[in-house]
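I have placed the structure first, in the form of structure tokens, so that the comments after it can refer back to it.
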Amino acid sequence: MNKTTLSTLWLLLGATLLQAQTYGAPPYAPPYHTTPSLYIGVAASSVDLRNMWDDGYDMYHDQYDQNALTLIGGIELSPNLAIESRYMISSGDAQYEDLYGLSSPKSFNNDFENTAIYLKPLLPMGYTGWTLYGLLGYGQTSYHYENTNTIYPAIKASGFQYGVGSSFALTQYMEFFIDYTVLAKDDGVQHISSGSYADDVWDVEGHSIHFGVTFRF
């Protein structure tokens with residue numbers, strides 16, 4: 001290793017240690033913030049919902065792509081554990097596709113919500129600013145689609161929800177994050193509306209991707 005390379009490495013190490021001292025963190029902990037700490041956040045979300053159901057005559061397999069807004073609140077108990085709640089609500093129409101090809105793609109009016117609380121294990125990646133995390137919890141997904149002529153069943157599915165993600169500390173008080181979550185995944189869901197769908201039972205599956213920021217105080 002030549003002197004120039006060695007000097008460059010020492011400069012990078014010194015800059016990293018100086019950054020850590022600036023935030024006042026001990027050498028073994030990520031230099032982002034102290035714990036416990038409260039935080040709030042907001043995210044733009046993309047939701048993929050799929051239904052399989054049988055009305056006694058035909059088998060259906062539907063997919064709905066939906067944009068949503070997610071509100072977040074949580075408490076980080078330690079550098080390795082947080083508890084987080086999320087509320088997600090639809091934004092705009094849903095794009096519908098029949099995966100069996102029985103009908104053409106179309107847009108639907110939509111009421112979609114997901115409420116969940118998670119245990120959030122954290123894995124700080126040293127002094128890089130990045131943290132990997134998981135989401136393990138319980139939630140409820142509900143949605144109700146309709147077009148101009150037809151009101152479709154309202155679905156409500158509750159159960160285990162989980163996900164993985166990564167965040168980056170932009171400042172001591174603000175982080176950017178991206179994550180993926182599995183929402184509803186339930187078989188034999190009875191919809192909560194009446195009418196011609198009253199006896200139908202649906203298999204429900206939902207996934208979502210989130211891009212957002214959190215703020216600590």
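Numerical summary
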{"read-out": "Spin-label pair SER37/MET174, simplified geometry with 7 Å Cα→Cβ offset, distance in nm", "value": "1.4 nm"}
{"read-out": "Hz values of 3J(HN,Hα) by residue in segment 70-87 - Karplus curve (6.51, -1.76, 1.60), Gly and Pro given as x", "value": "10, 9, 10, x, x, 9, 8, 7, 7, x, 10, 7, 9, 10, 9, 10, 9, 10"}
{"read-out": "Segment 108-122 - phi-based ³J(HN,Hα) in whole Hz, Karplus 6.51/-1.76/1.60, Gly and Pro as x", "value": "10, 5, 8, 10, 10, 9, 9, 10, 8, 10, 10, 8, 10, x, 10"}
{"read-out": "For ASP93, ASP62, order by how many other beta-carbon atoms lie within 10 Å, fewest first", "value": "ASP93, ASP62"}
{"read-out": "14 Å beta-carbon shell around SER91, net charge (K/R +1, D/E -1)", "value": "-4"}
{"read-out": "Long-range amide H partners of ALA82 with built H, under 5 Å", "value": "LEU77, LYS120, LEU122"}
{"read-out": "Radius 13 Å from Cβ of LEU122, net charge of other residues (Lys, Arg +1; Asp, Glu -1)", "value": "-3"}
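Since every read-out is calculated from the coordinates, none of them should be taken as a lab result. These numbers were taken from a predicted model, which means no experiment stands behind them. With ideal geometry, Cβ positions are generated from the backbone for all residues, glycine too; neighbour counts draw on all protein chains shown.
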